[in-house]
Every structure is written in structure tokens, then in C-alpha cells.
Amino acid sequence: MEKYNKLLGNITEMFDKGLFTSKNLKKEVEDSIKFKMEVIANKLNLVRREEFEIQKKMIEKLQNDLKKIKLKKIKKTTKAKKF
């Protein structure tokens, strides 16, 4: 909360000195919000949707391969028991 108060204080001071126009303020606020969003996203270890979908497909393929291997192993064991 202290950071926000400091930010608002700085903005107010710049307005008082005439250093900010409304366009500058808008850009500054947008940049600040984008930066905060990036910080939060990095802390959460989020990935892009495309990366998620690729990983999901890879896991599905590996699961299918594992099932096939297990089935082959079961078939081999079943055949060995018959003899």
C-alpha cells in the first residue's frame, strides 16, 4: 500500500510542477499496470496457451505409448503362462 501512496504522491507532485499532461499520465499508468501484470504472471509461472497445448499433446502421446507397452507386456506374460 505504501508503494501506491508513493506513486500517487509522485504523480501529484509532477502535476503540480506541470511536468505531466493527460497523455503522459495515461501512458505512465498503462506502463505501470503492464509491468505489474508481468510481475504477477512471472510469479505464478504461467505459460502461454500454445505451450500448454503442445505439452498436453505430448503427455497424451506418452500416455498412449505407455498403455501400448503395458498391453504388450500383459500379452507376453499371458502367452508365457499358457506354455
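The values are calculated or read from the model by the stated rules, or taken from the named source; none is laboratory data. In this text, all values refer to a predicted model and were calculated from it rather than measured experimentally. Glycine gets a Cβ as well: all are built from the backbone with ideal geometry, and neighbour counts include every protein chain shown.
Among the residues of segment 1-16, some residue qualifies, meaning at least one is at pLDDT 75 or above, assigned to a helix (DSSP H, G or I) and surrounded by fewer than 10 Cβ atoms within 10 Å (Cβ to Cβ). Remark: pairs (first residue in segment 1-18, within 19 Å of Glu30 (Cα to Cα); second residue at pLDDT below 70 and surrounded by fewer than 10 Cβ atoms within 10 Å (Cβ to Cβ); Cβ separation under 7 Å; 6+ apart in sequence or on different chains) are absent. The set of residues from segment 25-83 being outside any helix (DSSP H, G or I) and under 19 Å from the mean Cα position of the chain (by Cα) comprises Leu44, Asn45, Leu46, Val47, Arg48.
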